[in-house]
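Quick notes on the structure that follows.
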Amino acid sequence: MIRISISSSRVSFKKYEQCIKKAVKRTLFFTHTDKASVRVYCISLAQMQILNAQWRSNNAPTNVLSFREDESGDFIQQTTSSLKFLGDIYISPEFVVHHKQSLEHMAVHGTLHLLGFDHVHNADAERMERVEQTILSTLHVDA
């Protein structure tokens, strides 16, 4: 069982929830991750800038931020004991749309971070990008 909860800080972001949910679910399926729970938040540019400044010391908005459950004791596990809470993904639809990026790509990218993928080192970045491309192709989305 997979539980993906999505909430939007603006009514205008609701239209993006289904495509984001589908991308997160596809990523979990592709990586053989089941019995998991993920929370996704669609937030404004201003909210994203605050999070990015607080957690990444970058006082500018960005497209997506992911916080693994084990990164901070501030997260409250809100799943049943049979589901592992992976973490939270924050996406700024305003940023993504303005920069002509794909919401599905950002959802896949954020989910992969929750699963431990990273792009700090070249080899890790190449591996993450290959997995992203494969998942996005199953969604018929160009990265």
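What follows is calculated from the coordinates using simple rules that are stated; it is not laboratory data. Just so you know, these numbers come straight off a predicted model, no measurement behind them. Ideal geometry is used to build each Cβ from the backbone, glycine not excepted, and the neighbour counts take in all protein chains shown.
Points worth noting:
- With a Cα cut-off of under 21 Å and a minimum spacing of 8 residues unless on different chains, the lysine pairs in the chain number 14.
- Among beta bridges that DSSP assigns inside the range 2-138, antiparallel share in %, nearest 5: 25
- Per-residue packing, averaged as other Cβ atoms within 10 Å, sorts the ranges 106-116, 89-99, 48-58 into the order 106-116, 89-99, 48-58, beginning with the highest.
- Fraction of alpha-carbon pairs over 18 Å apart in the chain - percent: 55
- Kirkwood hydrodynamic radius over Cα pairs of the range 84-143, then Stokes diffusion coefficient at 20 °C and 1.002 mPa s, in µm²/s: 176
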